[in-house]
């Protein structure tokens, strides 16, 4: 236990400690070597992996990240049990592209997902590339059972459903957002599935995804294969619809809290409780000692529904920091030191090579992400700097089917937050709130970064992102 950790249930704490001790006895000391492709581990048993991706959680919407009006003890404990990153970025300020990056290790526009995939073709801005190699495919070849519970959002029909793209099991929601957390419809369509079968379960989506994940973990107690579980909650995405009893708890505790904020706080606290159940079950099943747990969000919080993005500018949909910077924590008992922090800049796409390195899963195709496993394991040496790019295509009057873009080079950030506005340049080291545009006072840097950004935009522009059936549409 670390000094940062709030109290957990006794059963979880004991099982975590017991399993950690068993792991130390069984596995001995961790031996790690660095290779050109990243870190590989010499471990007695390959670890299980749980990747928890939440939806639209603001950088400041956890008590461990500065929120003083909500309580998130379970997520706080998860993060405090391993390493926290303070400069972790989503690959995009909206849903589908970030999910594509997580599962492919690539910039999303390079796998055909520059924007949000939706029900109606005229408002859908991506089609997952048929030749994109997804993480479950690579892990499956390495002997893993792979499962996704929750929100998919990378395709609504064959050949782009989860089990078409490498997952052994899918229990969740194909679509983007739900119009109601209880009836699970979008535009009147039921996108809830178990495998390929349509299902119509009863209950709040957060509770269902928690329950199904716990059932999956119990089923893995004595499984012959290690597992990869991708748990993608749709909370706290709109509609801001917490269960009534959770909203009552918040309003009773803070009667003067604005109603909009109270509803979002209740939805986040309900989500936090669900993640607590996941971790409790992981301990009860004896799986905790050799399971990597990763937690992050797909983009920043939505400001106009009450999200808190801490000291950052703007929120979801924006190329300013509040749209891109997200909480991140990784836990691996016996390997990642509890209570540690890292300020290295990393992105969602880095999780693909990181997970592969941790489980010794090999791949040969090119990716854009870089393993952060050496950092997680506390190995010496800083990673070399790299240019990082952010891209989003969208319709409507705000974007007109065009793109917004950003890049980071060290502490410098270049961005265009509207396709109809000029590029802006900020030094995040001296101006973390992005208030002083230096585009005209730093012409050399501006020109160099603009040129690099154009090259990346051209790379993405070469990749088709619509179904072939749309390319001759009238």
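Any read-out appearing in this document is the output of simple, stated calculations on the displayed coordinates, not a laboratory observation. What you see is a predicted model, and the numbers here were worked out from it, not measured in a lab. Cβ sites come from the backbone with ideal geometry, for glycine too, and all protein chains shown count toward neighbours.
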Stretch gain in nm, segment residue 420-residue 433, where the contour uses 0.36 nm per residue and the Cα spacing is subtracted | 2.5 nm
So how much slack lies between residue 179 and residue 245, counting 0.36 nm per residue of separation and subtracting their Cα-Cα distance, in nm?
-> 21.7 nm
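Considering only the chain, what is the antiparallel percent among its DSSP beta bridges, to the nearest 5?
Of those bridges, close to 55 percent are antiparallel.
Can you list, largest first and rounded to whole Å, the semi-axes you get for the range 38-376 by taking the square root of 5 times each eigenvalue of its Cα gyration tensor?
Values: eigenvalues 147, 107, 84 Å².
Its equivalent ellipsoid spans semi-axes of 27, 23, 21 Å.
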Quote the relative contact order of the range 388-470 in percent (integer), defining contacts as alpha-carbon pairs under 8 Å separated by 6+ residues.
-> 18 percent
Counting alpha carbon pairs within less than 8 Å and at least 6 residues apart, what relative contact order, in whole percent, applies to the range 324-474?
-> 11 percent
Give me the number: length gained by fully extending residue 387 to residue 450, i.e. 0.36 nm times residue separation minus the C-alpha to C-alpha distance, one decimal in nm.
-> 21.5 nm
Just from its helices, what would the mean residue ellipticity at 222 nm be for the chain, if runs of 4 or more DSSP H residues each count -39500 (n - 2.57) and the sum is divided by every residue, rounded to the nearest 500 deg cm²/dmol?
-> -8500 deg cm²/dmol
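How do 153, 270, 120 rank when sorted from fewest to most other Cβ atoms within 10 Å of their own Cβ?
So the residues, fewest neighbours to most, are 120, 270, 153.
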So how do 248, 280 line up by other beta-carbon neighbours within 10 Å, fewest first?
-> 248, 280
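Arranged by the count of other C-beta atoms within 10 angstrom, fewest first, what order do 180, 68 take? Intermediate results must be reported in sequence, preceding the final value.
Working: 180 12, 68 7.
Placing the least packed residue first, the sequence is 68, 180.
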Relative contact order of the chain: what whole-number percent is it, with Cα pairs under 8 angstrom and at least 6 residues apart?
-> 25 percent
Each label sits 7 Å from Cα toward the beta-carbon; between residue 252 and residue 380 the label points are separated, in nm, by 5.5 nm
Residue 360-residue 69 FRET efficiency (beta carbon distance; Förster radius 30 Å; 0.05 resolution) | 0.10
